[in-house]
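This report refers to the structure that appears directly beneath it.
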Amino acid sequence: MEPGRPLFSHRKYWAERFGIAPFLPMSRPEMEALGWDSCDVIIVTGDAYVDHPSFGMAIIGRLLEAQGFRVGIISQPDWCSAEPFRELGRPNLFFGVTAGNMDSMVNRYTADRRIRRNDAYTPNDEGGRRPDRAVIVYSQRVREAWPGAPIVIGGIEASLRRIAHYDYWSDKVRRSVLLDSRADLLLFGNAERALVDVTHRVASGQHPREIRDVRGSVFLRDSVPADWVVVDSTEVDLPGAVDPKPDPYADTSAAECDARGGGRPDQPKVVRLQRAIPRGHPRERTAVRLPAFEQVRADPVLYAHASRVLHLETNPGNARALVQRHGDKEVWLNPPPIPLSTAEMDAVYDLPFARAPHPSYGGARIPAWEMIRFSVNIMRGCFGGCTFCSITEHEGRIIQSRSESSILREVEEIRDRVEGFTGVISDLGGPTANMYRLACKDPEIERSCRRLSCVYPGICRNLNTDHSALVGLYRRARALPGIKKVLIASGLRYDLAVESPEYVRELVTHHVGGYLKIAPEHTENGPLSKMMKPGMGTYDRFKLMFDRFSREAGKEQYLIPYFIAAHPGTTDEDMLNLALWLKRNGFRADQVQAFLPGPMALATAMWHTGRNPLRGVRREDGGRVHSAKGLRARRLHKAFLRYHDPENWPLLRGALQRMGRADLIGNGKRHLVPSYQPAGTGRRAGRPGAGSAKGRGFKTQHTGLKDAAAPRRTGRTRRGA
């Protein structure tokens, strides 16, 4: 399969003559003002249109505009009729449909399946402006408005639902969103390269459903082509050789030992069955067959196995195509897209963004825009591999970094163009604050690696952890004229940071605004092993550095750790131990959220199946993954994180008595919960969702904590994908 052409190597489309639009049009009068009689591509999105590179529709729209295409935006249309989808007419090439920057179900519902009242990607934070399963609903309305119009779906919702997936909100396994939306093509991941290729090919006369060789695409087939070899992975992993290693001191000849397979004379030999691939057959013409939709829907073990196989085929350097039967159709997933080069990343972020919401919103407040209006995205991707997070599944494990000059140009543009700028850059970051320019030391090793994480169970010896490029970027950014301070608000990977004391010193001395967010997630090895997160020893090392460098800088600064309640692999005893750690260290939770099983995540597979896809899945495997699923169990886990809240004390007292830890009930310093109950409190203990925070953040499964000795300040959840 071709890796894809360089992003800006295509000959520009003829409509380039119309020039650059101040904002991509959202109405007919705007199109007429630009001299357009039609759009080449129309993007339908569940977010408000903000012309900024942190918003997917803006990046895609401006990128296609740079290729010469006329792009219109239909933002948050009323899905109750087809009329809003006719606003801009029928596009000459196709409709591009996305739910927006968040999965629509994650955006609308809490971890307890309750409807949220707000939506940060909507003017005035108004909830309910997008439908459930927005990609499906928008695509159906497009079909109603314009029968026969080609539809290409993408964005994080389509990306994370590209195969049969467990859906937490309906509590069942659903089909690939490609089938339910009846779209012609699905593009997953950061799809700039794929979308540019597809758009130019559609402009040359191909229909999207005919395009079969683009990386990062999903489409339907009736059968597998004859020149492809299919590796059958429709059953769980087969047991390996169970014979013990030969005893070097045993009185047995070498020939006899070989004949017995190295075991005792009475030990039966188990032979591993190999899934044969013809010798010399090219990997790029090899597909892996996953268990069919009907199989994974009926069999949790096969679901866990399919999840494991998919995640092992995510490195663009060695991934094979995947195929999964859905009824009489084959859902075909091409390998992931080739990451953008630094030059391509620079060109994307140098596009002529207006860096403001569309004028039609007037003075409406858009919280997501307010959060990022003074921030700069310096990289993409994450090689952490946290099982509960969707960043890796969407953006990939290979870090794509911008050049320093491109980043500094954007800082200067914010300084000179963005209204209300006071000299403070709110963030230089991305999915993770400190993975900028970090990569495998050997590109050949990187291409062949199949590890799910570069930092778990320990930092890979082939990973370059040199933070000097990031330190240099920080210093040059804060030295720019008119820049008073540069803050780092993205989540910090502290197990990487401790490898570079110079970086920690630079960060703590100049770039922390009193509080720094980090995410230990838990204190106990059971849940940490299911999250693929480091132990608390690394946290302690980082805290020592943080405190020492804060003292040396003469600053009073605090860490805000984040923890997850009710993650798969977490027992009541684990949560009790976490609560004791919090009390011992003087932390109190301001916000509490339980684990939210998002589509495609490995932790979601654990939640749904009770199996651990981080290792080979076998039917006879007795090791099950426990998950706190009932409302009462989830309330209890959240209550342990808010042990200090009187509303939770009745629930905690009952749990401690059941666990045989009544010694922790009392009024002394060594006790976790008082034996008394303040008047008028404790009534919420039996109500669903008791103890949960009213606010919400973009990373809904996290818990913001604050040091009890720190000045009062509301904890905030960190930004996610």
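The values are calculated or read from the model by the stated rules, or taken from the named source; none is laboratory data. Not measured: the values here are computed from a predicted model. Don't worry about glycine lacking a Cβ; one is built from the backbone with ideal geometry, like all the others, and counts go over all protein chains shown. The protein model used for the area step is the full one, side chains on, heavy atoms only, and it has no ligands, DNA or RNA in it. Shrake-Rupley method; radii C 1.70, N 1.55, O 1.52, S 1.80 Å.
By how many nm would the segment from Lys172 to Arg548 lengthen if fully extended, with 0.36 nm per residue of separation less the alpha-carbon distance?
130.4 nm
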- Separation between the His207 and Arg86 pseudo-spin-labels, each 7 Å from Cα along Cα→Cβ, expressed in nm? 2.4 nm
- Query: Taking one equal scatterer on every alpha-carbon of the chain, how large is log10 of I(q)/I(0) by Debye at q = 0.12 1/Å?
  - Reply: -1.46
- Message: For Cys39, what residues show an amide H to amide H distance below 5 Å, using hydrogens built from the backbone and excluding near sequence neighbours?
- Response: Asn92
- Task: Send over the semi-axes of the range 79-131's equivalent ellipsoid, whole angstrom and largest first, taken as the square roots of 5 times the C-alpha gyration tensor eigenvalues.
- Result: 26, 12, 10
- Item | Rg over Rh [alpha-carbon atoms, Kirkwood Rh] for the range 564-610 | 1.06
- Given a Förster radius of 56 Å and the C-beta distance between Arg117 and Arg285 as r, what FRET efficiency does 1/(1 + (r/R0)^6) yield to the nearest 0.05? 0.60
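How big is the range 191-240 by the Kirkwood estimate over distinct Cα pairs, in Å?
On the way: mean 1/r = 0.0733 Å⁻¹.
For the range 191-240, inverting the mean 1/r across all distinct Cα pairs yields 13.6 Å.
Considering all alpha-carbon pairs of the range 465-517, what whole percent are spaced by more than 14 angstrom?
53 percent
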- Item | Normalised alpha carbon radius of gyration of the range 441-545 [divisor 2.2 N^0.38 Å] | 1.23
- Item | Candidate residues Arg478, Arg90, Arg683, Arg417: accessible-area rank, largest first, probe 1.4 Å | Arg683, Arg417, Arg90, Arg478
- Note on the structure: With all protein chains present and a 1.4 Å probe, the order of Lys629, Lys441 from largest accessible area down is Lys441, Lys629
- Antiparallel DSSP bridges in the chain: what percent, to the nearest 5? 40 percent
- Task: Return the carbon/sulfur percentage of the accessible area of the chain, one whole number, probe 1.4 Å, all protein chains in place.
- Result: 50 percent
- Put His626, His207, His467 in order of accessible area, largest first, 1.4 Å probe: what do you get? His626, His207, His467
- Item | Shape category assigned to the range 106-146 from the gyration tensor of Cα positions, a/c cut at 1.5 | oblate
- the range 329-412 - convex hull of the alpha-carbon atoms, volume per residue in Å³: 187 Å³
- Assign one of three labels to the range 367-442, namely rounded, prolate or oblate, based on the Cα gyration tensor with a ≥ b ≥ c the square roots of its eigenvalues; rounded applies when a/c is under 1.5, prolate when it is not and a/b is larger than b/c, and oblate otherwise. oblate
- Item | Gained length - Ile665 relative to Thr342, 0.36 nm times residue gap less alpha-carbon distance | 110.5 nm
- Query: Mind checking Rg over Rh on the range 398-488, alpha carbons, Kirkwood formula for Rh?
  - Reply: 1.08
- Message: If packing is taken as the average number of other Cβ atoms within 10 Å across a peptide's residues, how do 568-575, 376-383, 507-514 rank, most packed first?
- Response: 376-383, 568-575, 507-514
- Say each of Glu412 and Ser448 gets a label point 7 Å from the Cα, pointing the same way as Cα to Cβ; how far apart are those two points in nm? 4.4 nm
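Quick check: from the Cα gyration tensor, does the range 1-113 come out rounded (a/c under 1.5), prolate or oblate?
Cα axes put the range 1-113 in the oblate bin.
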- Quote the accessible area belonging to Arg450 in square angstrom, nearest 10, computed with a 1.4 Å probe and with ligands, DNA and RNA left uncounted. 90 Å²
- P(r) histogram, all alpha-carbon pairs of the range 512-612 included - 5 Å bins from 0, percent: 2, 11, 20, 22, 18, 12, 8, 4, 2, 1, 0
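What length, rounded to one decimal in nm, is gained on full extension from Asn525 through to Ala479, with 0.36 nm per residue of separation minus their alpha-carbon distance? Can you show the working numbers first?
Working: separation 46, 0.36 × 46 = 16.56 nm, distance 4.27 nm.
Result: 12.3 nm gained on full extension.
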- Considering only protein heavy atoms, what is the solvent-accessible area of Arg373 at a probe of 1.4 Å, reported in Å² to the nearest 10? 60 Å²
